[in-house]
Amino acid sequence: MKTLTIDNFKIMLNNALRHIKEREEEFSKLDAVIGDGDHGQAIVTAMSAIVATAQKGTEFKAMLNDMGFDVMLQVSGSTSTLLGAFFLGMSDTVSGTELDAVAVKAMFAGGLANVQKQTKAGKGDKTMMDALIPAVEAIENSDSADIKEILEAGAKAALDGTAATVDMKANFGRARNYGERSIGYADSGASSWSCMFAAFAEAL
Ligand SMILES: [Mg+2]
């Protein structure tokens, strides 16, 4: 597909919410290894708020901006802050009601840039950034002009990045205190973010 419409994007978001809901318990169990075990509920609540706001959208910039602000205002916690920052950052580069491949790449790059203002975590720290950074790099580096293929490259990179967190030691935030105990389990945030990217690609 050569252009992404508002309706395509809403279908992507709805598919992400559906898949995230299906795996809510798994995300919480992974979070319980090195945290408080609330990530499943946190990501479902945040994504539900995002999807509810998106339904009212009629053009990309305002829709993404409203999605980001609403989730940050309505849902507390780091999951909401990071997802909100992602969609707010995506709103920075877009305009209109249809995006071509170049605009889609710029939109995801804008999302990552804004998340990087919220967290100093990088690749290898065993956080959601181990899914998000490779996903956006793969999207930007894809030489396809087909938006589904571009998002499939992002999804694969996010899933590979998440798989790599299994062997990592938590290196960021409170999870750092669990040290060796975190090895052997995927990071909960990387798991939910890669689930989102996989659902985005699948929906198209
Ligand atoms: Mg937690």
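Just so you know, all these numbers are worked out from the coordinates, no wet-lab data involved. Computed from a predicted structure; not experimentally measured. Cβ atoms come from the backbone with ideal geometry, glycine included; neighbour counts cover every protein chain shown.
Quick notes on this structure:
- Cross-link partners of K56 among lysines (Cα-Cα below 21 Å; sequence separation of 8 or more within a chain): K10
- Dipole orientation for the chain: of the candidates I147, F9, F86, F86 has the Cα lying most toward the positive pole (charges on Cβ; Lys, Arg +1; Asp, Glu -1).
- Label sites at A62 and A163, each approximated as a point 7 angstrom past Cα along Cα to Cβ, lie 4.3 nm apart.
- For peptides 124-130, 22-28, 89-95, sequence by mean Cβ density within 10 Å, most packed first: 124-130, 89-95, 22-28
- Taking a span of 20 Å or more along the helix axis (Cα atoms) and a mean Kyte-Doolittle hydropathy of at least -0.5 as the rule, the DSSP H helices of the chain that qualify are 6-22, 39-54, 60-74, 78-93, 101-115, 147-164, 188-203.
- Hits among lysines - C-alpha to C-alpha of K169 under 24 Å, sequence gap 8 or more where chains match: K29, K117, K120, K123, K126, K156
- Shown is the FRET efficiency for D143 and A32, computed with R0 = 45 Å from the Cβ-Cβ distance and rounded to the nearest 0.05: 0.65.
- Virtual spin-label span in nm between I11 and Q118, 7 Å along Cα→Cβ: 2.8
- Measuring r between the beta carbons of V102 and Q55 and using R0 = 25 Å, the FRET efficiency lands at 0.40.
- Inter-centroid distance (Cα atoms) of the stretch 163-188 relative to the stretch 25-100, Å: 24
- Label separation (K21 vs T3): 3.1 nm, computed from points 7 Å beyond Cα along the C-beta direction.
- Put a plus charge on the Cβ of each Lys and Arg, a minus charge on the Cβ of each Asp and Glu, and nothing anywhere else: the dipole of the chain about its Cα centre is then about 420 debye.
- Cross-link partners for K105 among the aspartates and glutamates, with Cα-Cα distance under 15 Å and sequence neighbours closer than 8 places in the same chain left out: D92, E137, E140, D143, D146, E149, E152.
- Mean residue ellipticity, 222 nm, helices only, the chain: the sum of -39500 (n - 2.57) across DSSP H runs of n ≥ 4, divided by residue count and rounded to 500, is -22000 deg cm²/dmol.
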